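The values are calculated or read from the model by the stated rules, or taken from the named source; none is laboratory data. Values in this document were obtained by computation on a predicted structure and should not be read as measured data. So basically every Cβ, Gly included, is an ideal-geometry build from the backbone, and we count neighbours across all protein chains shown.
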Amino acid sequence: MNFTAFRALVRKDLILYFSNRRALIMSIAAPIVIAAFFGAIFGSPGDKPTRIPIALADRDASVLSQAIGAAIKADPAFEVTSGEEAAMVELARHGKVRAAIVLPAGLGAEAPRALMLGGAKPVVAVHYDPSQAAAMTLVRGLLTQHVMKALGDSVGGGARGAGSFSLPFTTEAVESTARRDAPYNSYSHSFAGMGVQFILFMGIEVGVGVLLARRLGLWKRLRAAPLSRSLLLGSHIVSGAITALILLAIIYAAAIGIFHVRVDGSVAGFIGIAIAFALLTSSFGLLIAAIGKTPEATRGLAIFATLVMVMLGGAWVPSFIFPPWLQTASLVVPTRWAVDGLDAMTWRGLGFEAAVMPIVMLLAFSVLFAAVAIWRFDWEEPRS
Amino acid sequence: MLEAQGLGKSYGNRQVVAGLSLSVAAGEIVGLLGPNGAGKSTTVAMLCGLVAADQGRVFVGDGTRRLELTEDTPGAKRRIGVVPQELSIYENLGAAANLMLFGALYGLAGALLRERVEAALQLVGLADRAGDKPQLFSGGMKRRLNIAAALVHDPDILIFDEPTVGVDPQSRNAIFDNLELLKDRGKALLYTTHYMEEAERLCDRVVIMDHGQVVASDTLQGLYKRLPAVATLELEVDGAVDLAALGKEPGITRPTQDGARLHAGVADLGQAAPALLSWLAARGHAVHRISSGRADLEDIFLSLTGRQLRD
């Protein structure tokens, strides 16, 4: 074997790789950041568990139901909002809480009787957010624990360890979706998440396309034409937005046609969010073009940034399992507004008013990205 | 038609172009020559309005149609066509589609645009490939399309930044024919290159740059007159020649020796050749071959800057 040549080739590869500092930083930063993200989500044994936001409506207002309510509120696993049934159910439907527990009228009278004598059991309705159904199991388990404890206290300990008794109530799990007659379609959320992710990838290509045009001299030809800077950048924003909009339309056409996803909310709101997200995508692409150096390094960095945004946006794992600080932080990530907005207009079946905030936030991010892009855009030709 | 007055450009502390002035008249081809790093590309970028000059001004047009070129004067930019050094065409758009796009950037539309596209493709010999994508073209064809893209809006001034890099001789000749045709049509052409033979074949006047400054600007005849030697002698001789002594002989300039090959510039071929042969014979150097040639732009550049053009 020609060892000199072999050593020279190996050395060449190492020098080329390690001299590309952006690629090197990416290779190191990406696993660290993603590992830190998942580590933060799933926590360590010593971490304080994330409190699950739930809503509680007490239609009974009996001693027993109040005791159950107090126990639920005292449970460190929950962060409880209480109020009228309709308002609490609406909170679940908007995704503000993972579940809304409705203690029915007559619970205080019927539950002890059902426990001791059998007969009709009161029904505790749990309206839950079907996109985050994993929380439902925990809610149901803790609810049972608190009902049994409160009941035991009220009947003198008879319910403790009540292995021979049946549960003195039943729970009715109600999906908080647009229509009671239409079950939650899990494709709705996954299409929102993946649509957002891959359309942002298209936005990356818009930005990398500008960088390639610079490298190929095409940008020089465009700049030599009698065109203003705003026209040049504006054309990229519009073409990128139109492309994003077409892609989103095709993705949702497939979702609706094949996977029976429905826009149960405001169609105008859905279109508004789609347009705002399309503008966000193209302004994100322009930002990439403005701050990127080489197409190769920029593509890697932008994909990494997109994946982080998508993770924080709740497209990969539900945001409720994020630690509280991360849930708060994710509100300043545009993908969170896009995914939540599309969810709201599809399976949540919310009205146009629920689309307003996502549209405003997406447009605000678009303006921010575009402003930074215009500020940072290098209009000078490469120095020679 | 195109006039630059005292252009200057710095990047940080590095002065790339300093006090550069040049002009190109209608029906004239002016060559802009200089080695790599001389400031040609920055000069071209300023002449196209791609880079704002720190000092100086650029004007296009004559008389009442004279306009100062700035980024915000579309009227001036519209009269310039630029052929960048790179292949600045969209590989996956058809040839005609490329030209339609570039024509539209200059405000052309409809029948006029289609007419101009056909004319530009005709000129560069690609009319029969109008629908084909450049990714299927040879390097020479792509270069010709690159030129056509600058012609489609029928500009008065054309700026070519080394348009024949990597082009085969046949395509190069076709490009030269195009440029001469454009010159005959009254266009003003600025042509940057570091190929001497291209400048000698094409250019009416030559501007030579070095270190960001114009070191000479004249017609080819005018430049040759500046040379201390108008002809060269090349001889194959035995032994090492005393070049210092030879250089002091009247009518002999810059003698160099590379192995057996002795090269020298001479002011008058008729007088210098016999004198040189006698001088060599007197010092015992046998001469096996002798040839003469005319001094070229390479010699002019060497005499002006002390450097080879392709250093």
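Values for this structure:
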read-out	value
Filtered residues of segment A:301-317 (kept if surrounded by fewer than 18 Cβ atoms within 10 Å (Cβ to Cβ) and either touching a residue at least 60 places away in the same chain (Cβ under 8 Å) or polar (S, T, N, Q) (or both))	A:Ile303, A:Phe304, A:Val308, A:Trp316, A:Val317
First in segment B:63-87 and in the same structural domain as B:Ser41 (by TED's automatic domain parsing), second anywhere and of a type in the set (Asp, Glu) and in a loop (DSSP other than H, G, I, E, B), Cβ under 7 Å, 6 or more apart	B:Arg79/B:Asp156; B:Gln85/B:Glu162
The lone exception for A:Pro226 - which of (1) crowded, with 18+ Cβ neighbours inside 10 Å; (2) more than 14 Å from chain B (Cβ to nearest Cβ); (3) assigned to a loop (DSSP other than H, G, I, E, B) it fails	(2)
Top-ranked residue in segment B:156-175 [being more than 21 Å from B:Tyr90 (Cα to Cα) and modelled with pLDDT of 90 or more; ranked as surrounded by the fewest Cβ atoms within 10 Å (Cβ to Cβ)]	B:Asp156
Identity of the residue in segment A:229-253, in contact (Cβ under 8 Å) with a residue 60 or more places away in the chain and under 21 Å from the mean Cα position of the chain (by Cα), that ends up farthest from the other protein chains (Cβ to nearest Cβ)	A:Tyr252
Residues satisfying the stated conditions in segment B:119-151, i.e. closer than 27 Å to B:Ala76 by Cα and without any contact (Cβ under 8 Å) to a residue 60 or more places away in the chain	B:Ala119, B:Ala120, B:Leu121, B:Gln122, B:Leu123, B:Val124, B:Arg143, B:Arg144, B:Leu145, B:Ala148
Boolean, A:Ser176 is under 33 Å from the mean Cα position of the chain (by Cα) and farther than 30 Å from A:Asp60 by Cβ	no
Within segment A:185-205, considering residues that are among the aliphatic types (A, V, I, L, M) and either within 14 Å of another protein chain (Cβ to nearest Cβ) or out of contact with any Leu (no Cβ under 7 Å at 6 or more places or on another chain) (or both), the one surrounded by the fewest Cβ atoms within 10 Å (Cβ to Cβ)	A:Met194
Helices (runs of 4 or more DSSP H) contained entirely in segment B:32-139, each with at least 3 residues that are within 14 Å of chain A (Cβ to nearest Cβ) and either more than 25 Å from the chain's Cα centre (by Cα) or crowded, with 18+ Cβ neighbours inside 10 Å (or both)	B:40-48, B:74-77, B:95-105
Verdict on A:Val147 being under 30 Å from A:His189 (Cβ atoms), within 38 Å of the chain's Cα centre (by Cα) and modelled with pLDDT of 85 or more	no
3 or more residues within 30 Å of B:Ser291 (Cα to Cα): qualifying strands (runs of 3 or more DSSP E) within segment B:152-264	B:205-210, B:213-219, B:231-237, B:252-258
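So that you can scan it fast, the table gives a plain yes or no per residue for (1) touching a residue at least 24 places away in the same chain (Cβ under 8 Å); (2) of a type in the set (Val, Ile, Thr):
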| residue | (1), (2) |
| --- | --- |
| B:Leu7 | yes, no |
| B:Tyr11 | no, no |
| B:Val16 | yes, yes |
| B:Leu20 | yes, no |
| B:Ser23 | no, no |
| B:Gly27 | yes, no |
| B:Ala38 | yes, no |
| B:Thr43 | yes, yes |
| B:Arg57 | yes, no |
